[in-house]
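Contents: one structure, followed by commentary.
What follows is calculated from the coordinates using simple rules that are stated; it is not laboratory data. Because the structure is a prediction, the values reported are computed rather than measured. All Cβ positions, even for glycine, are placed from backbone atoms using ideal geometry, and neighbour counts span all protein chains on display.
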Amino acid sequence: MDVDRGGAAMAMDLIVDAFKHKIYSSKDAPKTHVVSISKKADNPFDFVRVLLVRGGGQIVLKGLYSGLAGNLAGVLPASAIFIGVYEPTKQKLLKSCPENFSALAHLTAGAVGGAASSIIRVPTEVVKQRMQTGHFASAPDAVRLIVAKEGFKGLFAGYSSFLLRDLPFDAIQFCLYEQLRIGYKLATVNKILRHFFPLQAKRDLSDPENAVIGAFAGAITGAVTTPLDVIKTRLMTQGAGNQYRSISHCVGTILKDEGPSAFLKGMGPRVLWIGIGGSIFFGVLERAKQLLAQRRPEDHDSYSGKLN
């Protein structure tokens, strides 16, 4: 859930995402300082070095936070919609599926939650990425000019590619996270203790444990879905020129002009920010769920029993 890192992880999201867009930029990007920098910067650390040289030893943080206003306006309601759909969908599927099919329930619930929140996430992502590639100076200007030049459909540019990337991403990330939690609980409780004290195997994990598991789930998912992210970014940032006619045309053009390695551009920063964002997001999410469950102990008992 790329956009849905939650407010706590948004700063890391924006900074490293800015690095990522400099790496993605190629001859199809706007002819601005973005391209001139990206040609000399093949990874986020080179990008920082170039900024230091260009800025006389100082980095202007404003550029690293491009798209902050748009992200603030979209990420919080999008996250609320996702979790509001994911949790009840997961609970219903877990109740109807056999216990050994819990992974299928988590996969499906993640995809359903991602589809529901895409109504907000796609315009948010379009505005953020257009700002990060130098198209606009502010989120309100971005929305106004995109609608004026491309119509409302411009706010949903690359929608199909967004779903192509984010539905698998959401499904895989949340399935990995839930399954890693279940496996970790079982692995850390002695088999004999599980037999005589089964409730111990259903214990709540600590905040650091949830954070580490969330980081692993996010980083692995980020690496696996990097090619999809490259395609989505190219389609969303092409503007009214429509260099790419479709997803298949985008894939073919990238392969022809840049080779297969282009689909792995930005993997380093993507894995970094999704891993860090995942640790914060899932750590805060589980803490919030525990606090809410303490107020409703009857729901907490049934929830814990089914989850584990």
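Volume per residue of the convex hull around the Cα atoms, evaluated for the range 137-190, comes out as 101 Å³.
Using C-alpha pairs below 8 Å separated by at least 6 residues, the relative contact order for the range 85-164 is 25 percent. Net length available on complete extension from His249 to Leu264 is 3.6 nm, with 0.36 nm assigned per residue and the Cα-Cα distance removed. Projecting the Cα positions of Ser160, Gly283, Thr253 onto the charge dipole of the range 159-291 (unit charges on Cβ atoms of Lys, Arg, Asp and Glu, taken about the Cα centre) puts Gly283 furthest along the positive direction. Karplus-derived 3J(HN,Hα) values for the range 144-153, using 6.51 cos²θ - 1.76 cosθ + 1.60 with θ = phi - 60°, are 4, 6, 4, 5, 5, 8, 10, x, 4, 5 Hz; glycine and proline are entered as x. 3J(HN,Hα) along the range 79-90: 5, 5, 5, 4, 5, x, 8, 4, 4, x, 5, 4 Hz, from the Karplus curve 6.51 cos²θ - 1.76 cosθ + 1.60 with θ = phi - 60°, whole Hz, x for Gly and Pro. With R₀ fixed at 30 Å, the C-beta to C-beta distance from Arg287 to Leu104 puts the FRET efficiency at about 0.65. When peptides 275-284, 157-166, 90-99 are sorted by average Cβ neighbour count within 10 Å, with the highest value leading, the order is 275-284, 157-166, 90-99. For the range 90-134, the Kirkwood hydrodynamic radius comes to 12.4 Å, computed from all pairs of different C-alpha atoms. Gain on full extension, evaluated as 0.36 nm per residue between Asn242 and Arg296 minus their Cα-Cα distance, stands at 14.2 nm. Annotation for Ala80 and Val224: the two label points, set 7 Å from Cα along the Cα-Cβ direction, are 3.1 nm apart.
Taking only the Cα atoms of the range 159-291, the ratio Rg/Rh comes out at 1.15, with Rh defined as the Kirkwood radius.
Along the axis of the charge dipole computed for the range 159-291 (Cβ charges of +1 for Lys and Arg, -1 for Asp and Glu, origin at the Cα centre), the listed residues Leu180, Ala219, Tyr244 are led at the positive end by Leu180.
Contact order for the range 159-291, expressed relative to its length and based on alpha carbon pairs under 8 Å spaced 6+ residues apart, stands at 35 percent. Peptide packing: for 180-189, 287-296, the average count of neighbouring Cβ atoms within 10 Å per residue gives the ranking 180-189, 287-296, highest mean first. When each of the peptides 104-111, 251-258 is scored by the mean number of other C-beta atoms lying within 10 Å of its residues, the order from highest to lowest reads 104-111, 251-258.
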